[in-house]
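Visitor: What follows is a structure written as structure tokens; I'll ask about it next.
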Amino acid sequence: MMLLAPIFTQYFLSDPSDIYEKMGLRETALFKALLLPLLLTATLFLGPLTMQFFSGGWWIYLEPMFWISCWQDLVWVRNHIMAPLSEEWVFRACMMPILLQCLSPMTAVFVGPILFGIAHFHHMLEQIKGGCEVKTALIISSEYAHILTNKGSKMSCFQFTYTTIFGAYSSYLFVISSPR
């Protein structure tokens, strides 16, 4: 999908001449495009990072064996490296320019992430194959659904909601860091 998405982007853009700039691959305003999202995201995660520091849990990240074992686990590589890279490439770099040519920036910030959230419902099939009840898998649609019992029905589409909110945040960063 990572290879096909830019082809669709170029095909559907009304003016594909500056496709790289529209996809966020640009030299102009590079400092703004890198620094602003980094600072905002670091601020967003300041609480959990501070808790890791004060609880002493951050030491594990300094251990080489931690990183060696992570990189040897293909599921970890998929979940922490490949999935985020491919999602951001497809949903932000390739989809947002198409949405921005026909929607206002703020509308695109909220429409794109809904599609991003819907795209995560494939986790439901993984849960059903793993023995999770269909109702729980549908409601939660996350990798933790198999450990939940009746509590699962009280959570309404957790992963869809989380990924949609995160997608809106990422889309907003994409829009505000784009050169005008």
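Visitor: Comparing 26, 78, 92, which has the greatest mean-square fluctuation in the GNM of the chain with Cα pairs linked when under 10 Å apart?
Guide: Fluctuation is largest for 78.
Visitor: Follow-up. In terms of the ratio Rg/(2.2 N^0.38 Å) built on C-alpha atoms, what value belongs to the chain?
Guide: On the way: Rg = 18.7 Å, N = 180, 2.2 N^0.38 = 15.8 Å.
Normalised by 2.2 N^0.38 Å, the Cα Rg of the chain equals 1.18.
Visitor: Full-extension gain between residue 46 and residue 69, please, as 0.36 nm times their residue separation minus the C-alpha to C-alpha distance. Walk me through the intermediate numbers first.
Guide: On the way: separation 23, 0.36 × 23 = 8.28 nm, distance 2.62 nm.
Difference between extended and current length: 5.7 nm.
Visitor: Under a Cβ-only charge scheme (Lys and Arg +1, Asp and Glu -1), can you give me the dipole magnitude of the chain about the Cα centre, in debye to the nearest 20? Could the numbers behind the result be given before it?
Guide: On the way: 10 positive and 11 negative charges, 78 e Å.
Dipole size: approximately 380 debye.
Visitor: Please work out how many pairs of lysine residues in the chain are eight or more positions apart (or on different chains) and have Cα atoms closer than 27 angstrom. Provide the component values of the computation, followed by the final result.
Guide: Values: 22/32; 129/151; 129/154; 135/151; 135/154.
Eligible lysine pairs with Cα atoms under 27 Å apart amount to 5.
Visitor: In whole Hz, what ³J(HN,Hα) sequence does region 49-56 give by Karplus (6.51, -1.76, 1.60; θ = phi - 60°), x for Gly and Pro?
Guide: Going residue by residue, I get 5, 5, 4, 4, 5, 6, 7, x Hz, with x marking Gly and Pro.
Visitor: Between 89, 59, 76, where does the largest GNM mean-square fluctuation fall for the chain, given springs only between Cα atoms within less than 10 Å?
Guide: Sorting by GNM fluctuation, first place goes to 59.
Visitor: Go through region 107-122 residue by residue and turn each phi into a ³J(HN,Hα) via Karplus (6.51, -1.76, 1.60, θ = phi - 60°); whole Hz please, and just put x for glycine and proline.
Guide: 3J(HN,Hα) across region 107-122, in whole Hz: 5, 4, 4, 9, 6, x, x, 5, 5, 4, x, 4, 4, 8, 6, 5.
Visitor: Separate question: Under the rule a/c < 1.5 gives rounded, and otherwise a/b versus b/c splits prolate from oblate, where does region 48-88 land using the Cα gyration tensor? Show your work: numbers first, answer last.
Guide: On the way: a/c = 3.88, a/b = 1.51, b/c = 2.57.
Judged from the Cα gyration tensor, region 48-88 comes out oblate (a/c at least 1.5, b/c at or above a/b).
Visitor: Highest mean first, what order results for 61-67, 163-169, 13-19, 97-103 on Cβ atoms within 10 Å?
Guide: On the way: 61-67: 9.4, 163-169: 18.9, 13-19: 11.4, 97-103: 16.9.
Descending packing order for the listed peptides: 163-169, 97-103, 13-19, 61-67.
Visitor: Hey, can you rank 37-43, 6-12 by average C-beta count inside 10 Å, highest first? All intermediate terms of the calculation are to be shown ahead of the outcome.
Guide: Numbers: 37-43: 12.1, 6-12: 14.1.
Most protected by this proxy first, the peptides run 6-12, 37-43.
Visitor: Among 22, 135, 32, which one shows the biggest mean-square fluctuation in a GNM of the chain, springs joining Cα atoms closer than 10 Å?
Guide: It is 135.
Visitor: Taking a ≥ b ≥ c as the square roots of the eigenvalues of the Cα gyration tensor of region 1-82, is the shape rounded (a/c under 1.5), prolate (a/b larger than b/c) or oblate? Let's see the in-between values first.
Guide: Numbers: a/c = 3.52, a/b = 1.72, b/c = 2.05.
Note, shape of region 1-82 comes out oblate.
Visitor: Related question: Taking θ as phi - 60°, what are the ³J(HN,Hα) couplings along region 2-9 by the Karplus curve (6.51, -1.76, 1.60), each to the nearest whole Hz, with x for Gly and Pro?
Guide: Per residue, the Karplus-derived 3J(HN,Hα) values read 4, 7, 7, 4, x, 5, 5, 4 Hz.
Every read-out reported here was derived from the displayed coordinates using simple, explicitly stated rules and does not represent laboratory data. Just so you know, these numbers come straight off a predicted model, no measurement behind them. As a convention, Cβ positions derive from the backbone with ideal geometry for all residues, glycine included, and neighbour counts pool all protein chains shown.
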